[in-house]
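Heads up, the thing below is written out as structure tokens.
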Amino acid sequence: MYCIENKMIPYRSLRVRLSLLSLVLASVAQADPSEVLLPSPGSDAWRPLSIPSVERGTTYQVVGEGASAALRAESRCGASGLAVDLESVDLERTPVLRWQWRVEKGLDIEDEKSRAGDDFAARVVLMFRYDSRQATFIERSLHSLAEKVQGEVLPGRSLAYVWSSRVPEGTVWRNPFRTPTMLISRRRGTTTEWRSESVDVRAEYRRHWGAEPPPLVGLALLTDADNTCGNAVAYYRNFRLTATR
């Protein structure tokens, strides 16, 4: 079982449970070993991430069909997410994560780097296996305590790409809830057009954490507005890992 490393992790009394999936991603990539197509967001491979301390969850719904299908997420003063297991992914072979997203209705938050303002219309979170050699003393202590409390194996550090309301694109900051997560503002504002993203996961981990990345364990999507009681609408689609950008 896993727990998403995000603003919500146990230091905020979150208990998120992601079922182990027997995803045969390698077979998906047989036709093209340089690309791994992830299950479509909203399909059975994705598992819900609920937050007991938040009464209202985010509504996720698949819209469209075929190649145009996307996951619509709407949050009204609430928060919850979806996550997929990526333990079978080989970052040596396919280190580049690609996806498309857009924010139809954004949030207007004065300070998104604070606990009170830690809401984003869209987040894409990469979770990595816990490596005690990379963790600080505080991270090791909190991680050990969290695993004892929850009775399950938890991931370590994370990278969270967010669609912000005010923070300039390219800004990087540490999660305000003391979780081992780096937030990266990738886009801001609203748009009716799809935005395509491409990030070299290994290079990003080295850049933001100063070390070689441990194996990936999962990817999570989160549209949340619980802290500011706002209303956000976002769309996600076309997640895949490739060999090059």
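For region 44-86, how many residues meet the condition of being over 13 Å from ALA122 (Cα atoms), among the aliphatic types (A, V, I, L, M) and touching a strand residue (DSSP E or B) at 6+ places or on another chain (Cβ under 8 Å)? Result for region 44-86: 11.
Per-residue answers, yes or no, for (1) assigned to a loop (DSSP other than H, G, I, E, B); (2) polar (S, T, N, Q); (3) surrounded by fewer than 14 Cβ atoms within 10 Å (Cβ to Cβ); (4) under 16 Å from the mean Cα position of the chain (by Cα):
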position	(1), (2), (3), (4)
ARG186	no, no, no, yes
THR192	yes, yes, yes, no
ARG207	no, no, yes, no
PRO214	yes, no, no, no
LEU222	no, no, no, yes
CYS229	yes, no, yes, no
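Of the strands (runs of 3 or more DSSP E) lying entirely inside region 13-119, those containing at least 3 residues that are modelled with pLDDT of 95 or more and crowded, with 20+ Cβ neighbours inside 10 Å span 70-76, 79-85, 96-105. Considering region 231-245, and only residues there that are over 22 Å from ASP119 (Cα atoms) and among the hydrophobic types (A, V, I, L, M, F, W, C), the residue that is surrounded by the fewest Cβ atoms within 10 Å (Cβ to Cβ) turns out to be ALA243.
Among the residues of region 154-195, those identified as among the aliphatic types (A, V, I, L, M) and either without any contact (Cβ under 8 Å) to a residue 24 or more places away in the chain or closer than 21 Å to GLY106 by Cβ (or both) are ALA160, VAL162, VAL167, VAL172, LEU183, ILE184.
The values are calculated or read from the model by the stated rules, or taken from the named source; none is laboratory data. This structure is a prediction, so every number in the text was calculated from the model and none was measured. Counting neighbours? That spans all protein chains shown, and the Cβs are built from the backbone with ideal geometry, glycine included.
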